[in-house]
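Here is the structure we will look at, set down as structure tokens.
The values are calculated or read from the model by the stated rules, or taken from the named source; none is laboratory data. Note that this is a predicted model, so its numbers are computed, not measured. Heads up, the Cβs are rebuilt from the backbone with ideal geometry, glycines too, and the neighbour counts pull from every protein chain shown. Calculation scope for accessible area: heavy atoms of the full protein, side chains included, ligands and nucleic acids excluded. Shrake-Rupley method; radii C 1.70, N 1.55, O 1.52, S 1.80 Å.
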Amino acid sequence: MTRPLVPPLTPFIDALPLPHRLIAGEHHGSLVVRMRMGEHRFHRDLPVSKIWGYEGMVPAPTVEAERGHPVTVEWQNELEGPLPVVVTRAPTHADARGVPVQCVPGLSGGTADRNTPALTGHAVVHLHGGLTPAVYDGWAENLLAPGQAAVFHYPMDQRAALLWYHDHVMGITRFDVYAGLAGLWIVRDQPERELGLPEGPPFEVPLLIQDRNFDIDEAGRLSGRLVHKTDPEVMEAFAPFTVVNGKVWPELEVQPAIYRFRVINASNARTYRLVLVRNGDPELDRITQIGTDHGLVRTATRMPSDGLILASAERADLLVDFSDLAPGSVLTLFNTARAPFDGASFPATRAEAAADLAGLLPHPEVMQFKVVAGSAQRTVFPAALATDYTALSPEELAGAKRRAIALVELELEGEPNMLTMRELAPADDSATSGLLTVTDHGMTRRYRAVAAHFEDVTTFFPMLGEYEVWQLINLTGDTHPIHVHLDPFQLVSRRPIRYEIAEGGIEDLLITAAVTLERDPADQLDHSIDDNERGLKDTVRVNPNEVVEIAVRFTNYSGRYMYHCHILEHEDRDMMRPFVTMPMELMAFMA
Ligand SMILES: [Cu+2]
């Protein structure tokens, strides 16, 4: 079935909303943010939806902070239950017409989950990308019930970047974030300001991209009620409506000028590959990427030829040049990424025709830009941007502690496969079975799994100040955006692998698999590192048939943190593990 579906809502009608700004300096660095039930209209032609939001808003207010000026937030949980989202698993993957149920609104024959209405609003806030002491990092089990509050201190001793804050409750992050608990947090600093980049409206515009679905009433009309729908084959919710800053398929009027877009994929699971199209042709050359997850890159980069890929939680700081365009010019942003995303390419030239029901992408539209009259502004920004970091050399990492993590898929009877992680440790010679081997240039390392579940014993104790290399080995068919809390990391390598998993070879702590660092002949991916990934990252895509190595150095804060897949449906179902950062002097006293 390839015929596109008619959008059930008119695209490009609503103006792009700009999130409310909460400038910390105007409040002496002391903020109060209440989590509240709210009402929000996602589209002109939709009834209002009930949401849970920070200050009752979708998206939340954007906090703007200055490096070196700590911010204190009193997070007050005033949520009122029940969860304002209907959660369902449809009984079939596709409906009677053969259309995958996740491509359409409504429950598709599913019954509303019975446990989620009992969720009364437990919450915990994580500042994603924040260099935050452990007690304020939002540990997934340290919950605030409605009526409770906590004061978190954010040192803001970190470079300018687009961070975001969102809920992180153990087991239900996917519902709390889907209900609306997400917002942006911009850190600014003097080195960035000296580049003269747009700051604030109208030329700096945040774009918070999410996918959402809605229920339908008895007459078949969209009711506005948020729906989180999965199906027997796909455990992630991929919703058909793309929402930017809280509106479905919005439109932004732009002057003939250079705009700075602070873009984040804040979806539960969907990966986007963004292509800007005018008159049917991609115009990716209008876009320059100047920053990534943890702020400015060293030099501005062009878009990858297929478009800009952003998996859940990845950010991009973009300059888009509209300065040569006449009033009335229209540009449309499309998404060409199939779901679940597996890294497969799609030519930018075909972006307008990217609708793909089998790929759970019924409506590739994201938003539209319409050029209006204004004084043409042609500022030239410097190509040299960040000077405060350099790419790590093999020599610098030669003595680094190495860790290995396998991303694995557990087959379950009558349920979608479960995606989790296994922490690996070198196996001694006596071990003969349940081993994962990694062969690189004829040398084989043997590993055994030492941790499978979040609550298993902690095995990662990184020393503060020391570089470590973490090797992420993907033995699944999907791309996983792996997020490490606390300090940023750099990508060291992305390399193709072929692997064989023994029959029934994925058990809790027994993995029988052989990985070889060479290309599988059937593998189509190029496994390269995009230029825009050569910055300071906190979330990295690990594609199928791939090993990614990251180098991370934890700096100031000791304590218990988490790393996990940022597909929230994976994170909630155990694709998350703890690590404990330690000062070197204490290591001698660890039992
Ligand atoms: Cu995942």
### Message
Any residue at all in region 403-420 that's farther than 30 Å from Lys247 by Cβ, open to solvent by less than 70 Å² (accessible area, probe 1.4 Å), of a type in the set (Lys, Arg) and at pLDDT 95 or above?
### Response
yes
### Query
Glu507 is checked against (1) within 18 Å of Tyr447 (Cβ to Cβ); (2) within 16 Å of the ligand (Cβ to nearest atom) and fails just one. What number does that condition carry?
(2)
### Query
Only one of (1) in a loop (DSSP other than H, G, I, E, B); (2) more than 16 Å from the ligand (Cβ to nearest atom); (3) within 25 Å of the chain's Cα centre (by Cα); (4) in contact (Cβ under 8 Å) with a residue 40 or more places away in the chain fails for Arg403. Which number is that?
(1)
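Among the strands (runs of 3 or more DSSP E) lying completely within region 231-273, list those that include at least 3 residues that are open to solvent by 10 Å² or more (accessible area, probe 1.4 Å).
Details: elements: 241-244, 251-254, 258-265.
Correct list: 251-254.
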### Query
Any residue in region 454-466 that is open to solvent by 30 Å² or more (accessible area, probe 1.4 Å), within 16 Å of the ligand (Cβ to nearest atom), touching a residue at least 12 places away in the same chain (Cβ under 8 Å) and over 30 Å from Gly291 (Cβ atoms)?
no
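Looking at Pro146, Pro191, which one is open to solvent by 20 Å² or more (accessible area, probe 1.4 Å), closer than 30 Å to Val227 by Cα and touching a residue at least 40 places away in the same chain (Cβ under 8 Å)? Lay out the reasoning, then the answer.
Values: Pro191 fails: closer than 30 Å to Val227 by Cα.
From the options Pro146, Pro191, the qualifying one is Pro146.
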### Query
Which condition does Gly280 not pass, out of (1) buried (at least 17 other Cβ atoms within 10 Å of the Cβ); (2) under 22 Å from Ser345 (Cβ atoms), if it passes all the others?
(1)
### Query
Where residues in region 568-590 are open to solvent by 10 Å² or more (accessible area, probe 1.4 Å) and under 25 Å from Ser312 (Cα atoms), which of them is farthest from the ligand (Cβ to nearest atom)?
Val580
#### Entry: Failed criterion for Arg519 (all others in (1) of a type in the set (Lys, Arg); (2) open to solvent by 10 Å² or more (accessible area, probe 1.4 Å); (3) touching a residue at least 40 places away in the same chain (Cβ under 8 Å) hold)
(3)
### Task
Scan region 424-435 and give yes if some residue there is in contact with a Phe, Trp or Tyr (Cβ under 7 Å, 6 or more places away or on another chain), closer than 30 Å to Arg270 by Cβ and either aliphatic (A, V, I, L, M) or within 16 Å of the ligand (Cβ to nearest atom) (or both), otherwise no.
yes
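How many residues are part of a loop (DSSP other than H, G, I, E, B) and either within 19 Å of Arg262 (Cα to Cα) or in contact with a strand residue (DSSP E or B) (Cβ under 9 Å, 6 or more places away or on another chain) (or both) if we restrict to region 306-344? Even if it seems obvious, please write down each step before you answer.
Residues of region 306-344 that are part of a loop (DSSP other than H, G, I, E, B), as a first pass: 306-307, 311-314, 322-329, 336-344.
Still in the running and either within 19 Å of Arg262 (Cα to Cα) or in contact with a strand residue (DSSP E or B) (Cβ under 9 Å, 6 or more places away or on another chain) (or both): 306-307, 311-314, 322-323, 325-329, 336-339, 341, 343.
Here the count works out to 19.
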### Task
Would you be able to say whether some residue in region 83-100 is open to solvent by 20 Å² or more (accessible area, probe 1.4 Å), without any contact (Cβ under 8 Å) to a residue 60 or more places away in the chain and at positive phi?
no
### Task
Search region 211-228 for residues being open to solvent by less than 10 Å² (accessible area, probe 1.4 Å) and out of contact with any helix residue (DSSP H, G or I) (no Cβ under 6 Å at 6 or more places or on another chain), and hand back the single one that is farthest from Val48 (Cα to Cα).
Asp211
## Note on the structure
Within region 156-188, of all residues that are among the hydrophobic types (A, V, I, L, M, F, W, C) and in a loop (DSSP other than H, G, I, E, B), the one surrounded by the fewest Cβ atoms within 10 Å (Cβ to Cβ) is Met170
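Just checking, which of Leu419, Leu472 is in contact with a helix residue (DSSP H, G or I) (Cβ under 7 Å, 6 or more places away or on another chain) and within 16 Å of the ligand (Cβ to nearest atom)?
Numbers: Leu472 fails: in contact with a helix residue (DSSP H, G or I) (Cβ under 7 Å, 6 or more places away or on another chain).
Exactly one residue qualifies, and that residue is Leu419.
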### Task
Filter region 544-567 down to the residues that are within 16 Å of the ligand (Cβ to nearest atom) and not hydrophobic (A, V, I, L, M, F, W, C), then identify the one that is surrounded by the most Cβ atoms within 10 Å (Cβ to Cβ).
His566
### Summary
In region 178-217, anything among the basic types (Lys, Arg) and within 30 Å of Thr116 (Cα to Cα) is listed as Arg212
### Query
Conditions: (1) among the polar types (S, T, N, Q); (2) closer than 16 Å to Trp470 by Cβ; (3) modelled with pLDDT under 95. Gln524 meets all but one. Number of the miss?
(2)
#### Entry: Filtered residue count, region 436-453, keeping only those that are within 16 Å of the ligand (Cβ to nearest atom) and either buried (at least 20 other Cβ atoms within 10 Å of the Cβ) or aromatic (Phe, Trp, Tyr) (or both)
1
### Query
Conditions: (1) out of contact with any helix residue (DSSP H, G or I) (no Cβ under 7 Å at 6 or more places or on another chain); (2) in contact (Cβ under 8 Å) with a residue 60 or more places away in the chain; (3) open to solvent by 60 Å² or more (accessible area, probe 1.4 Å). His153 meets all but one. Number of the miss?
(1)
### Message
Can you tell me which condition Arg541 does not meet? The list is (1) in a loop (DSSP other than H, G, I, E, B); (2) within 16 Å of the ligand (Cβ to nearest atom), and all the others hold.
### Response
(1)
### Task
Determine whether Ala502 is more than 16 Å from the ligand (Cβ to nearest atom) and open to solvent by less than 30 Å² (accessible area, probe 1.4 Å).
no
